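The values are calculated or read from the model by the stated rules, or taken from the named source; none is laboratory data. Predicted, not measured: the structure shown is a model, and the values here were computed from it. Note: ideal-geometry Cβ built from the backbone for every residue, glycine included; neighbour counts use all protein chains shown.
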Amino acid sequence: MEIRIGNGYDVHLLARGLPLFLGGVKIEHTKGCIAHSDGDVIIHALCDALLGALALGDIGQHFPDTSDEFKGIDSKILLDRTYKMITERGYHLVNADIMLLLQKPKIAPYIVKMRKVLAEVLDTAPDRVSVKATTTEGAGYIGREEGVAAYAVVIISQ
Ligand code: MG
């Protein structure tokens, strides 16, 4: 049995009046991500972590932001397609740990829902998908509410 690890990172800038999607969940807020897709940084970081675990390149390679096919796309579809690449190669997710960096709004009320939604796409249990969040104490572009970022680490196994 082989075990592989992968990590991912994503950033999107925020702008007023756009919808905000994080971890596959719509968040009530005055700002949302500027993006070609729905701008879900949690899912994008997770996709890159899964791809990285099997050295399959990165999300931009598989789902280019120049393609009309992915314009405004629900990132859960990208995660589903990414995870299929993993399972097709005989691997499954052991666990994922995600760290979201966001100044506002408070994300705690959405965490359980995010874990459930992500676990469903990844065909696993919510206790294998961790989502954590922090502010940057007002520092930098995240603190100024100009952007949002996420880190993801996954372990997959044969
Ligand atoms: Mg992205």
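General observations
- Residue in segment 28-39 that is buried (at least 22 other Cβ atoms within 10 Å of the Cβ), within 16 Å of the ligand (Cβ to nearest atom) and touching a residue at least 60 places away in the same chain (Cβ under 8 Å) present: yes
- Listed by first and then second residue, the pairs linking a residue in segment 104-124 that is under 16 Å from Phe21 (Cβ atoms) to a residue that is among the charged types (D, E, K, R) and part of a helix (DSSP H, G or I), with Cβ atoms under 6 Å apart and 6 or more places separating them unless they lie on different chains, are Val121/Lys76; Val121/Asp80.
- Applying the condition of being within 15 Å of the ligand (Cβ to nearest atom), surrounded by fewer than 15 Cβ atoms within 10 Å (Cβ to Cβ) and of a type in the set (Asp, Glu) to segment 47-104 and asking which residue is modelled with the highest pLDDT yields Asp58.
- Any hit, segment 117-129, residues being among the hydroxyl-bearing types (Ser, Thr, Tyr), under 22 Å from Lys31 (Cα atoms) and touching a strand residue (DSSP E or B) at 6+ places or on another chain (Cβ under 8 Å): no
- Residue check for Val112: surrounded by 17 or more Cβ atoms within 10 Å (Cβ to Cβ), modelled with pLDDT of 95 or more and either more than 18 Å from Arg4 (Cβ to Cβ) or touching a His at 6+ places or on another chain (Cβ under 9 Å) (or both): no
- Hits in segment 118-142 (condition: under 18 Å from Tyr9 (Cα atoms) and either of a type in the set (A, V, I, L, M, F, W, C) or surrounded by 14 or more Cβ atoms within 10 Å (Cβ to Cβ) (or both)): Leu118, Val129, Ser130, Val131, Ala133, Thr135, Thr136, Tyr141, Ile142
Residue-by-condition table, conditions (1) within 14 Å of the chain's Cα centre (by Cα); (2) small (Gly, Ala, Ser); (3) part of a loop (DSSP other than H, G, I, E, B); (4) farther than 18 Å from Glu28 by Cα:
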| position | (1), (2), (3), (4) |
| --- | --- |
| Pro64 | no, no, yes, yes |
| Gly90 | no, yes, yes, yes |
| Met99 | yes, no, no, yes |
| Glu137 | no, no, yes, yes |
| Tyr151 | yes, no, no, yes |
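- Residue match in segment 27-39 (condition: closer than 17 Å to Arg115 by Cα, out of contact with any Phe, Trp or Tyr (no Cβ under 8 Å at 6 or more places or on another chain) and not β-branched (Val, Ile, Thr)): no
- Scanning segment 8-27 for residues that are part of a strand (DSSP E or B) and either of a type in the set (D, E, K, R) or away from the ligand (no atom under 15 Å from the Cβ) (or both) turns up Asp10, Arg16, Val25, Lys26, Ile27.
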